[in-house]
Amino acid sequence: MTTVATMIPHSRPAIEQEDLQATVEVLRSGQIAQGPWIERFERDMATFFGLQGGVAVSSGTAALELALRALKIRAGDEVIMPSYVCPAPWLATQRVGAQAQLVDIDLQTFNIDPALARRAITKRTRAIIVPHMFGLPADLTALEQLNVPIIEDCAQTLGAMEQGRPVGTVGRLTVCSFYATKLLCAGEGGMVLSNEGALLERVKSLREYDGAPTLDPSSFNLKLTDLQAALGLSQLGRFSAFHERRRFLAAAYRDVLSSKSAVCPSVPPGRTHGYYRFVIRVPLVRTDPEGLMSLISRLEQQGIHCRKPVFRPLHRYLDQSGFPNSDEADRTALSIPLYPDLTEDEVQQIQQSLAEVLS
Ligand SMILES: Cc1ncc(COP(=O)(O)O)c(C=O)c1O
């Protein structure tokens, strides 16, 4: 059994000297809560997307909740979302009292299936949350045709393109996460971005209660700190390098896997992939419920920590059925370590083990 010390973790934040300097500068400034660094982070993220503005908040989940509140979504309303995603979109929807309508995914892309989303629309539908899964943009062109306000969930995808448009620039609101393992990390954190000033103002007024003229029970303390913003900004400065490195690593994995019993991430025409995760499907494990877990433990014995990319689809928590593609992804999808600071030795070790285990 490989010891923990030699394990290649599934995720590892890329922290460098300049990140340390940025955070130390904030610590020395005597202003470590929400202040000027937050304002800069909001401005620079808005510039990154080419949007009017952003409002930094404490997490991606908080960003989703405030995006829903900004659209005045409440009890009696319905919000469409895919089943194959972490609980954040569902939790945010519950927090505003609305009803989540789960939709199956397109198995090739792991993203929400626009045709099924159309079928889920009712007269109560007020929004659709569109997570761009694992670095690949969802089919925004088809989703726009639904004429339902889109909240783009960019927690897993930044810098990727759909029909020449960067993700995050199509919906009425866009949310980001800066959790420790995300594309840009600040430990924890999130942001809501938009081209609509009125929506941004509403998010801003809901993220804190100090100085508000009235007591709004939906406001709370959801602020980010300057300390986190400094780390996020420092990471943002290296985003292009991160993006290139991720694409390089993905190509290296494809080389090894092309002749193996695995389905590599697909990239439909008109889209680019940001490779937040490198998620393969291993159809051979489909018939054995323990198959994926035993594959994960074989790779772990070789010192490589792989994971199911989504812990459990939402419909399974909620005892709903009729989501065959999410079920298939749940049975067969495997996420392989891919992050900017993987060393060449680690990449080689991963390539060798994959070649062996998936022969
Ligand atoms: C697609 C998606 N949306 C939202 C979130 C929530 O972000 P956070 O962990 O910052 O609350 C995550 C986090 O895992 C995510 O993957």
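The values are calculated or read from the model by the stated rules, or taken from the named source; none is laboratory data. Just so it is clear, the structure is predicted and the values come from calculations on it, not from any experiment. Backbone-built Cβ (ideal geometry, glycine too); neighbour counts: all protein chains shown.
Are any residues in region 140-156 away from the ligand (no atom under 16 Å from the Cβ) and either in a helix (DSSP H, G or I) or touching a helix residue (DSSP H, G or I) at 6+ places or on another chain (Cβ under 9 Å) (or both), and if so, which ones?
Hits for region 140-156 are Thr141, Ala142, Glu144, Gln145, Leu146, Val148.
Of the residues Thr3, Thr23, Thr47, only one is among the polar types (S, T, N, Q) and modelled with pLDDT under 95; which?
Thr3
Would you be able to say whether some residue in region 194-216 is in the same structural domain as Leu107 (by TED's automatic domain parsing), touching a Lys or Arg at 6+ places or on another chain (Cβ under 9 Å), surrounded by fewer than 17 Cβ atoms within 10 Å (Cβ to Cβ) and within 30 Å of Gly30 (Cβ to Cβ)?
Yes: region 194-216 contains one or more residues that are in the same structural domain as Leu107 (by TED's automatic domain parsing), touching a Lys or Arg at 6+ places or on another chain (Cβ under 9 Å), surrounded by fewer than 17 Cβ atoms within 10 Å (Cβ to Cβ) and within 30 Å of Gly30 (Cβ to Cβ).
Here's the yes/no breakdown for (1) among the aliphatic types (A, V, I, L, M); (2) in contact with a Pro (Cβ under 7 Å, 6 or more places away or on another chain); (3) on the phi < 0 side of the Ramachandran plot:
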residue	(1), (2), (3)
Ile8	yes, yes, yes
Ala14	yes, yes, yes
Gln34	no, no, yes
Arg43	no, no, yes
Glu65	no, no, yes
Val79	yes, no, yes
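Of everything in region 54-91, what is among the hydrophobic types (A, V, I, L, M, F, W, C) and assigned to a strand (DSSP E or B)? Give them in sequence order.
The answer is Val55, Ala56, Val57, Val79, Ile80, Met81.
How many residues does region 183-193 hold that are of a type outside the set (A, V, I, L, M, F, W, C) and surrounded by 24 or more Cβ atoms within 10 Å (Cβ to Cβ)?
Total meeting the criteria: 2.
Confirm whether Gln352 is surrounded by fewer than 18 Cβ atoms within 10 Å (Cβ to Cβ) and within 26 Å of the chain's Cα centre (by Cα).
So Gln352 fails the test.
Has region 206-227 got at least one residue that is touching a Gly at 6+ places or on another chain (Cβ under 8 Å) and away from the ligand (no atom under 14 Å from the Cβ)?
Yes.
Please go through region 162-182 and pick out each residue that is surrounded by fewer than 24 Cβ atoms within 10 Å (Cβ to Cβ) and more than 12 Å from the ligand (Cβ to nearest atom).
Answer for region 162-182, where residues must be surrounded by fewer than 24 Cβ atoms within 10 Å (Cβ to Cβ) and more than 12 Å from the ligand (Cβ to nearest atom): Glu162, Gln163, Gly164, Arg165, Pro166, Thr169, Val170, Arg172.
Which residue out of Ser266, Ser205 is of a type in the set (Ser, Thr, Tyr), modelled with pLDDT of 95 or more and not in a loop (DSSP other than H, G, I, E, B)?
Ser205
Can you list residue pairs whose Cβ atoms sit under 6 Å apart, with the first residue in region 140-167 being on the phi > 0 side of the Ramachandran plot and the second being assigned to a loop (DSSP other than H, G, I, E, B) and away from the ligand (no atom under 15 Å from the Cβ)? Count only pairs 6 or more apart in sequence or on different chains.
Short answer, once both residue conditions are applied: Gln163/Gly270.
I'd like to verify a number: residues in region 26-50 that are in contact (Cβ under 8 Å) with a residue 12 or more places away in the chain, surrounded by fewer than 13 Cβ atoms within 10 Å (Cβ to Cβ) and under 15 Å from Leu158 (Cβ atoms), how many?
Count: 1.
What number of residues within region 55-78 are away from the ligand (no atom under 16 Å from the Cβ) and over 15 Å from Ile129 (Cβ atoms)?
4
Quick test for you: out of Gln94, Gln108, pick the one residue that is more than 12 Å from the ligand (Cβ to nearest atom), modelled with pLDDT of 95 or more, under 21 Å from the mean Cα position of the chain (by Cα) and not in a helix (DSSP H, G or I).
Selected residue: Gln108, the only one of Gln94, Gln108 that is more than 12 Å from the ligand (Cβ to nearest atom), modelled with pLDDT of 95 or more, under 21 Å from the mean Cα position of the chain (by Cα) and not in a helix (DSSP H, G or I).
Which one is farthest from the chain's Cα centre (by Cα), of the residues in region 129-139 that are outside any helix (DSSP H, G or I) and within 9 Å of the ligand (Cβ to nearest atom)?
The residue in question is Ile129.
Considering (1) touching a Phe, Trp or Tyr at 6+ places or on another chain (Cβ under 7 Å); (2) assigned to a helix (DSSP H, G or I), say which one Val279 fails and leave the rest.
Among (1) touching a Phe, Trp or Tyr at 6+ places or on another chain (Cβ under 7 Å); (2) assigned to a helix (DSSP H, G or I), Val279 violates only (2).
Filter region 157-178 down to residues that are touching a Pro at 6+ places or on another chain (Cβ under 6 Å) and either over 19 Å from Leu200 (Cα atoms) or not in a loop (DSSP other than H, G, I, E, B) (or both), then give me how many there are.
Result for region 157-178: 2.
Can you tell me which of Gly189, Gly159 is touching a helix residue (DSSP H, G or I) at 6+ places or on another chain (Cβ under 6 Å) and within 10 Å of the ligand (Cβ to nearest atom)?
Gly189 is the lone residue from the list that is touching a helix residue (DSSP H, G or I) at 6+ places or on another chain (Cβ under 6 Å) and within 10 Å of the ligand (Cβ to nearest atom).
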